[in-house]
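Taking it in order: structure first as structure tokens, then the write-up.
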Amino acid sequence: MPSVKLPFLALALGLGVSHLAAAQEPAIDLKLFGKHEIEGGLSTCHLAFWQSNKDPEADKYAYLIYMPYDKDGLELQAVIEIGRERIALGESARGDFDPPQERLGYRLYSSADHATHVLVRIEEAVVTGSLQTVSKATVTVVREDLPPFVAGAKGVIGCPGSPAPETAQAAPEAVSDEGAAAGASSPYTGPVGLPLAPPVLLTATSEVPPAVRNEIATYAPDQCSEPDTLAYPGQRYAVNDNFILWEVPCFLGAYQGTSIFAITQNPPADWAAMLSLPNPPALEGENNAQMMNPEVFAERGVFLSTSLGRGEGDCGTYQVFRLMDAPGETFEFQLMEYREKVNCDGVQSEPSEWPLQFQAGE
């Protein structure tokens, strides 16, 4: 596999002997690698940066650094290749540019022995849903007693899904709805809830109000323990002039993830109320706070939750909730429909067509 050479090592210093000295100067022998060299292949959700003049779909060797997320959306070890060595790295620091460029900034990855460091500087990016598509970045590799290796890069952070990274750059800006605003129609046609304003994607987990974090830590610590490590920070919806609904992602797995919803004042103060998901009357047990694979139809105040029994998607539970007023100037989810397919028989069908177990009256 060819190595990528530092451009400044070939710069003339005025004399031919200087050319020779520069050519012989030790350098970091960083190797590009391809997805065929990644054990297990690309994970569903990952961080990857490739050299800017390469295409990871067309070029056999394109990647500068790659880091997968596990089934819960947590970061695993990143990897680079130097010479014949594959080096594992962990994220050791992160910093943002000043507003209004909060989505941009720096990520530092370091080896366990602190002999190798990789600094990723994100300069231009677009966020859509759980995916950050980076159209301009700089990757700098630093090792002791060697000049730093600097390369222009492009990349993705999150869950690319089926579109190729290059085509994803033309995606819309950071406001998106996982339901109606994305052009999808809800399979649910029953009574609706309180209408919400279109969602606004958060640019950093620090935007989630402390009161919401405290509410989740108090009442759902086992369901949402480490939201800061996920690939995207969440969304918010204006309910009216006085209240905001916050969607906080809790984990992101290979084929499904969860979010918790909470209400605050507008603007947020020291009060928050986490919304629980009621069970159908015949299903005993405590109410759950996590909504599985939530689809939000903001204009209708309708929320769809689909919990797949396995990756094939041939079994699981499907629930429809609507947001309504509750006593005490707050809000609650009402369960409108509950469907369940118990038999994982390999026959796929739409969750909205699974056997109906409960349906609320008008």
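The values are calculated or read from the model by the stated rules, or taken from the named source; none is laboratory data. Computed from a predicted structure; not experimentally measured. Note that we place each Cβ from the backbone using ideal geometry, even for glycine, and neighbour counts take in every protein chain shown.
Quick rundown of the values:
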quantity: Considering residues of segment 43-80 that are free of Cβ contacts under 8 Å to residues at least 60 places away in the same chain and in contact with a helix residue (DSSP H, G or I) (Cβ under 9 Å, 6 or more places away or on another chain) only, the residue surrounded by the most Cβ atoms within 10 Å (Cβ to Cβ); calculated: Y63
quantity: Residue check for E57: modelled with pLDDT of 75 or more and in contact with a strand residue (DSSP E or B) (Cβ under 9 Å, 6 or more places away or on another chain); calculated: no
quantity: Residue in segment 167-189 that is modelled with the highest pLDDT, counting only those that are loosely packed, with under 15 Cβ neighbours inside 10 Å, of a type outside the set (V, I, T) and in a loop (DSSP other than H, G, I, E, B); calculated: P187
quantity: Residues of segment 311-362 classified as touching a Gly at 6+ places or on another chain (Cβ under 6 Å), in a loop (DSSP other than H, G, I, E, B), surrounded by 14 or more Cβ atoms within 10 Å (Cβ to Cβ) and of a type outside the set (D, E), total; calculated: 2
quantity: Matching entry among E337, E299 (being touching a helix residue (DSSP H, G or I) at 6+ places or on another chain (Cβ under 9 Å) and within 17 Å of R236 (Cβ to Cβ)); calculated: E299
quantity: Tally of residues being small (G, A, S), at pLDDT 85 or above and assigned to a strand (DSSP E or B) across segment 94-124; calculated: 1
quantity: Unique residue being at pLDDT below 85 and either over 21 Å from the mean Cα position of the chain (by Cα) or in a loop (DSSP other than H, G, I, E, B) (or both) when the list is P163, P195; calculated: P163
quantity: Residue satisfying all of: in segment 242-289; polar (S, T, N, Q) and modelled with pLDDT of 90 or more; farthest from D70 (Cα to Cα) among these; calculated: N242
